[in-house]
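> Below you will find the structure I want to go over with you.
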Amino acid sequence: MQGLEERLHQQEPLFGGWYLRGEIGSGSYGRVYRVECQDLFGMVSTAALKAVEILPEHTLAGSPEELRQLAYDAAMSEVETLYRLRGLSHVVSMDDHAVFEIVEDGRVVGYDLVIRMELLHNVGQQMRRNGGRLQSVEEARKLGKDICRGLIYCHQSDILHRDINPNNIFQNDFGDYKLGDFGIAKQLDGTLHARTAIGTKQYIAPEVLHRKTGELQAERYDTRVDLYCLGLVLYQLTNDGYLPFFYEGLPQSAWQEAIQRRLDGEMLPPPSQADAAFAQVILKACAWKPQERYASAQEMYDALCGLEQKPVEQPQPQETALDFWQPGQPKASLLHTFGLAVVSTPEMRYIADKLDFQPQQQSHAHGGVLTPRVAARLPAWHIRAPWFPFNSLQVKEYASIADRAFRGRRDLVSARIGGAVSEIGAEAFARCTSLSEVRCETGVEKIGKRTFAQNPRLTRCQLADSVQILEEQAFQGCTALVSLRLPNAVETLPDALCDGCTSLQQVAMPTALRSIGEKAFHASGLQKILLPDSCIRLGAGAFSDCKRLTSVQVSLRLAIISEECFAGCTALAQFDFPFRLAEIRDRAFYGCTSLTNVVIPEGVRRIGEQAFACCDSLKTIRIPSSVRQIGDNAFFSRAKRRLGGSRVQVIANENSYAWQYCQQNGIRVREP
């Protein structure tokens, strides 16, 4: 029997003008494809197509009439649900549906149900790209309100979803969230759907499963199971992407135990990123006993709306060194005549006393936090000129440096962080426009977000081997930084770590490195990349727009080349793909104009949209038979397609999917 996608291609054009353009994903019951339709004026419309295989067991269908009835029940259940909810603003809208027979050996053995609906962004995919979170906690609150509005209409129509999870929540281009995938709605009880699926166990309500056997309960639950699932989604969005009792580093063998703790009624800890009021709403929705939850979706919606009506306390403005150190203010001292500013060392204080200068007293304790107020008075004997040899800072007596401690100081030229300091806060040395050298001695363990960002004269930064955590954008915009040695204790490089470091030519990667974040080295000056074999994840755009990059060596265990990972690397002439590679995602090598020949290894299943588009020098690309999906314009841009394609030639087996793709898209193809 042919596969689902092959059968759908035989039915094209679907609905009179729609063609498949690649698989998007799979849901609890069926697969979802992207489809396109082009009108007489050349305008292209896109939509999502959900395809469901209805193949009842022969024991359930003793005759063709019984088979047809079972298929009808399974197909029309979801279709009728979507038709009843059609037009609602927070439910995915269905446009059309069709049913095709599956014939094997001249006998009908089942049916294919296809449902065309609006094409939206999947929230589950957004969370995976953003580390399990949305843009903000306010965005999670908006998601909760939108889905509650959708559930209000569903429950009024006596429809129970039962499978609310991030993969079944979608967002349109206007930022509104919608509920989709009604494949196991409760009105389907007694049909093939209800006997084959009960929902995603990570989000399922306790009363749906029998406590002892873990099997599906009978008619003992109501609309509050949907509120419980939605509460868990909100919990995950406000808890760094983790469900209750999950945490970073939890071994997979303990996942089932964490789920069982929730199902057994153990009290849930509050989510880490939600304030007290929002956490109270979430925990009430996730109450173990149904009678302790919100009675209806309308009640939960009102509770979420009530959070915005409460007065929000304005946060206190963060203190920075500039709040206490104003270089433009005159100093009432004789030293000001000679251009001398702040005095803190004993020798300088002694000289100042002799000159009738009364410096501001410092008050700090050994082992405390170096705050912006104290930091404004630390540097010693500074003349406001970057060439002055004593414009250096030494921090020895403090356990940590607070956020934004020296941010914006224009007099600092060099800084030395002593071994007693274990943590440097966010933006501690950001925008110090004269800072050219930083040295962190052994003892520093954490460097915060944007700690050294936007320092245009920083040419040298020596990090101690004790550093274990580097946070986002730590060196972003350091355009003069030439080389960087990353400590071996660092396992994850954060997002935008060296984004925009145009002079950065060499980076020594940690030996135990496991992953590199999104745009970690975007638009940097790297010429060569040598990644350890332990690095198995590259974030989206990790090395994009590295114009000087000529050589790349990645881990042999790398399975996915992420979106725009090497896009815009115009000097990259050759890339050796790892033999375990399974997927090349959208625009991975977009605009790599020096690439000439590409050999994709056996085992790759998918090549994303515009993966090799605008590679003007690309002549041949060898595609194995394992590839089952190729995105739109994978080998050339839309403009070149309109002008008759490009010079690229594909080498593939005649019976492979790549061969069929090239034939359909007018790409030159030949056998190896």
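> What's the total number of residues in region 140-155 that are over 11 Å from LEU88 (Cα atoms) and among the β-branched types (Val, Ile, Thr)?
Counting residues in region 140-155 that are over 11 Å from LEU88 (Cα atoms) and among the β-branched types (Val, Ile, Thr) gives 1.
> What's the number of the only condition in (1) under 24 Å from the mean Cα position of the chain (by Cα); (2) exposed (fewer than 15 other Cβ atoms within 10 Å of the Cβ); (3) more than 30 Å from SER515 (Cα to Cα) that SER89 fails to meet?
So the condition that SER89 fails would be (1).
> Then there is this: For region 118-160, what are the residues that are among the charged types (D, E, K, R) and in a loop (DSSP other than H, G, I, E, B)?
GLU118, ARG133, ASP158, listed by residue number.
> Next question. Taking region 405-423, which residues are open to solvent by 50 Å² or more (accessible area, probe 1.4 Å) and part of a loop (DSSP other than H, G, I, E, B)?
Let us first name the residues in region 405-423 that are open to solvent by 50 Å² or more (accessible area, probe 1.4 Å), namely 407, 410, 416, 420, 423.
Scanning region 405-423 gives ARG407, ARG410, ALA420.
> Considering (1) assigned to a strand (DSSP E or B); (2) hydrophobic (A, V, I, L, M, F, W, C); (3) out of contact with any Leu (no Cβ under 7 Å at 6 or more places or on another chain), say which one PHE170 fails and leave the rest.
Here PHE170 clears every test but (3).
> A further question on this structure: State all residues of region 103-140 that are basic (Lys, Arg) and surrounded by 17 or more Cβ atoms within 10 Å (Cβ to Cβ); if no residue qualifies, say none.
Matches in region 103-140: ARG116, ARG133.
> Sticking with this one: Restricting region 615-638 to residues that are over 23 Å from ALA582 (Cα atoms) and open to solvent by less than 50 Å² (accessible area, probe 1.4 Å), which is modelled with the lowest pLDDT?
By that ranking, first place goes to SER637.
> In region 141-150, how many are open to solvent by 10 Å² or more (accessible area, probe 1.4 Å) and farther than 22 Å from GLY25 by Cβ?
Residues flagged as open to solvent by 10 Å² or more (accessible area, probe 1.4 Å) and farther than 22 Å from GLY25 by Cβ within region 141-150 amount to 4.
> State all residues of region 471-480 that are surrounded by 24 or more Cβ atoms within 10 Å (Cβ to Cβ) and hydrophobic (A, V, I, L, M, F, W, C); if no residue qualifies, say none.
ALA474, PHE475, CYS478
> Residues to consider are LEU504, LEU470, LEU493; find the one that is touching a Cys at 6+ places or on another chain (Cβ under 6 Å), closer than 26 Å to SER544 by Cβ and among the aliphatic types (A, V, I, L, M).
Testing whether each residue is touching a Cys at 6+ places or on another chain (Cβ under 6 Å), closer than 26 Å to SER544 by Cβ and among the aliphatic types (A, V, I, L, M) leaves just LEU504.
> Residues to consider are PHE579, PHE543, PHE612; find the one that is assigned to a loop (DSSP other than H, G, I, E, B), free of Cβ contacts under 8 Å to residues at least 60 places away in the same chain and within 25 Å of GLN506 (Cα to Cα). Please lay out each step first, then the result.
On the way: PHE579 fails: within 25 Å of GLN506 (Cα to Cα); PHE612 fails: within 25 Å of GLN506 (Cα to Cα).
Every option except PHE543 fails the conditions.
> Quick one: which residue in GLU78, GLU53 is within 20 Å of ASN167 (Cβ to Cβ) and at pLDDT 80 or above?
Going through GLU78, GLU53 in turn, the sole match is GLU53.
> Out of everything in region 566-585 that is farther than 19 Å from ARG605 by Cβ and not polar (S, T, N, Q), what residue ends up being most open to solvent (accessible area, probe 1.4 Å)? Don't jump to the end; show me each part of the working.
Filtering region 566-585 down to residues farther than 19 Å from ARG605 by Cβ leaves 566-574, 576.
Those left that are additionally not polar (S, T, N, Q): 566-569, 571-573, 576.
On the way: PHE566: 1, ALA567: 11, GLY568: 10, CYS569: 0, ALA571: 34, LEU572: 0, ALA573: 49, ASP576: 100 Å².
That would be ASP576.
> Quick one: ILE169 ticks every box in (1) open to solvent by 10 Å² or more (accessible area, probe 1.4 Å); (2) within 26 Å of ALA303 (Cβ to Cβ); (3) of a type outside the set (Gly, Ala, Ser); (4) within 19 Å of the chain's Cα centre (by Cα) bar one, so which box is it?
(1)
Residues are listed down the side, and each one gets a yes or a no for (1) at pLDDT below 95; (2) within 22 Å of ARG557 (Cα to Cα); (3) open to solvent by 70 Å² or more (accessible area, probe 1.4 Å); (4) among the hydrophobic types (A, V, I, L, M, F, W, C):
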position	(1), (2), (3), (4)
ALA430	yes, no, no, yes
GLU445	yes, no, yes, no
GLN468	yes, no, yes, no
VAL482	yes, no, no, yes
ASN488	yes, yes, no, no
THR492	yes, yes, yes, no
ALA512	yes, yes, no, yes
LYS528	yes, yes, yes, no
PRO532	yes, yes, no, no
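> Could I ask something else about it? Which residue out of ALA540, ALA523, ALA464, ALA453 is crowded, with 16+ Cβ neighbours inside 10 Å and at positive phi?
Exactly one residue qualifies, and that residue is ALA523.
> Okay, next question. Give me the pairs, please: first residue somewhere in region 405-432 and farther than 15 Å from ILE447 by Cα and in contact (Cβ under 8 Å) with a residue 60 or more places away in the chain, second residue anywhere and in a loop (DSSP other than H, G, I, E, B) and open to solvent by 10 Å² or more (accessible area, probe 1.4 Å), beta-carbon distance under 6 Å, and either six or more positions apart or on two chains.
Listed pairs, sorted by first residue: GLY408/ARG431; ARG410/THR433; ARG410/SER434; ASP411/ARG384.
The values are calculated or read from the model by the stated rules, or taken from the named source; none is laboratory data. Worth saying up front: this structure is predicted, and the values here are computed from it rather than measured. Counting neighbours? That spans all protein chains shown, and the Cβs are built from the backbone with ideal geometry, glycine included. The accessibility values were calculated without ligands, DNA or RNA, using every heavy atom of the protein model including side chains. Shrake-Rupley method; radii C 1.70, N 1.55, O 1.52, S 1.80 Å.
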